[in-house]
Amino acid sequence: MMNLFLLIIITMFIFGSMVFIFSRKHLLCMLLILEFMVLMLFMMLFFFLNFMMNEKYFSMFFLTFCVCEGVLGLSILVSMIRTHGNDYFQSFSILQC
C-alpha cells in the first residue's frame with residue numbers, strides 16, 4: 001500500500017515536470033504546474049516524515065516557503081500583465097523598459 005502510494009506520487013511528479021517542460025507559452029500555466037509539483041513534493045515529504053516518526057515541523061516550514069513561492073509567482077504574473085497586457089512569454093522582453 002505504501003509503495004503504491006509512493007509510486008503514484010513519483011509518477012505524478014514526473015508527469016508534472018514533463019508538462020512544465022512542454023508548456024512554455026503562458027506564465028499562468030507554468031505557475032499552476034509548479035504549484036502541482038510542490039504539492040507532490042509536500043505529499044512525499046509528509047509521507048516520509050510520517051513513516052520515520054520524525055517531527056512534522058519541517059513540513060510546516062516547507063508549506064510556508066511554498067506559500068511564499070506562490071505569492072511571488074502571482075506578483076510577477078500581475079506585474080507582467082500590467083506592463084505587457086498578457087502572460088505570453090513571446091511578448092516579454094528584458095530589454096523593454
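The values are calculated or read from the model by the stated rules, or taken from the named source; none is laboratory data. As the structure is a computational prediction, the values presented were derived from the model and not from experiment. No Cβ is skipped: glycine too gets one built from the backbone with ideal geometry, and neighbour counts run over all protein chains shown.
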Exercise for review: Search the stretch 2-31 for residues that are outside any helix (DSSP H, G or I) and pair each with any residue that is modelled with pLDDT of 90 or more when their beta-carbon atoms are under 9 Å apart and the residues are at least 6 apart or on different chains.
Suggested key: Ser23/Ile33
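Listed here are the residues, each with its yes/no results for (1) exposed (fewer than 15 other Cβ atoms within 10 Å of the Cβ); (2) in contact with an Asp or Glu (Cβ under 8 Å, 6 or more places away or on another chain).
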{"site": "Ile14", "(1), (2)": "yes, no"}
{"site": "Phe22", "(1), (2)": "yes, no"}
{"site": "Met40", "(1), (2)": "no, no"}
{"site": "Met80", "(1), (2)": "no, yes"}
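In the set Ile94, Ile76, Ile81, which member is modelled with pLDDT of 85 or more, farther than 30 Å from Met1 by Cα and more than 14 Å from the chain's Cα centre (by Cα)?
Only one candidate passes the filter, namely Ile76.
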Exercise for review: Keeping to the stretch 54-70, report how many residues are free of Cβ contacts under 8 Å to residues at least 12 places away in the same chain and assigned to a helix (DSSP H, G or I).
Suggested key: 7
